[in-house]
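For reference, the structure discussed in these notes is given below.
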Amino acid sequence: MNKQYLFNLLKKFSLVLILVTIIAEIGIRVFILSPSNHIYDPDIGFRYQPYSELFLGTEGFVRNQVNSLGLNDDEYNPNRKNKKMIVLGDSYTEAKQVDRKDNFTSLAESELRNWDVINAGRDGLHIINTYDVAKKLSFIVHPDLLVLVVSNGDYINDLSH
């Protein structure tokens, strides 16, 4: 075989491989991963960027937008005269795979007419970190009540240690 022919074939194959890799990388970043909606938080590790989109395709196909506080909740209005309740917890509380109007904090808020129920749940939030989240939000919200949602995973993973 001609060495020049093999060299040209290898060069074309390499260019095609590089092009496919670049297209795949761009496709994954744009359509699957998109830019991260997490920002560094020195107290709790990370929090969501305000107004970013939450989407968990493995457990549901709902897209929710976080509010200005980075919470999976409607926009917080400090001028409302209702009592304020912050609900803290992990991904069960956050419920990003459920349409916001159907998660349990929104349903509780619709039943408790005089309360503003603020969903401060976050995926991966451990019981130990809920104090830091509550402290941070309390300066903004001034809650009348803090509710800590503890699931079996919290008990098994966090409290057993």
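Return the only residue of I86, I18, I26, I32 being at pLDDT 95 or above, open to solvent by 90 Å² or more (accessible area, probe 1.4 Å) and outside any loop (DSSP other than H, G, I, E, B).
Unique residue meeting the criteria: I18.
Scan the range 60-70 for residues that are outside any strand (DSSP E or B) and not β-branched (V, I, T) and jot them down.
Residues satisfying the conditions are G60, F61, N67, S68, L69, G70.
I need a count of the residues in the range 6-44 that are charged (D, E, K, R) and over 30 Å from Q65 (Cβ atoms).
Number of matching residues: 2.
Any chance you could count how many residues in the range 126-140 are touching a residue at least 40 places away in the same chain (Cβ under 8 Å), open to solvent by less than 60 Å² (accessible area, probe 1.4 Å) and not charged (D, E, K, R)?
Going through the range 126-140 one residue at a time, the tally reaches 6.
Among (1) closer than 24 Å to S106 by Cβ; (2) out of contact with any His (no Cβ under 6 Å at 6 or more places or on another chain), where does I22 come up short?
Condition not satisfied by I22: (1).
Conditions (1) buried (at least 18 other Cβ atoms within 10 Å of the Cβ); (2) in a loop (DSSP other than H, G, I, E, B); (3) in contact with a strand residue (DSSP E or B) (Cβ under 9 Å, 6 or more places away or on another chain), marked per residue:
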site: N72; (1), (2), (3): yes, yes, yes
site: Y76; (1), (2), (3): no, yes, yes
site: N79; (1), (2), (3): no, yes, no
site: T93; (1), (2), (3): yes, no, yes
site: I118; (1), (2), (3): yes, no, yes
site: G121; (1), (2), (3): yes, yes, yes
site: G124; (1), (2), (3): no, yes, yes
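The values are calculated or read from the model by the stated rules, or taken from the named source; none is laboratory data. This structure is a prediction, so every number in the text was calculated from the model and none was measured. Virtual Cβ from ideal backbone geometry, glycine too; neighbours counted across all protein chains shown. Side chains are part of the model used for accessible areas, which takes the heavy atoms of the whole protein and leaves out ligands, DNA and RNA. Shrake-Rupley method; radii C 1.70, N 1.55, O 1.52, S 1.80 Å.
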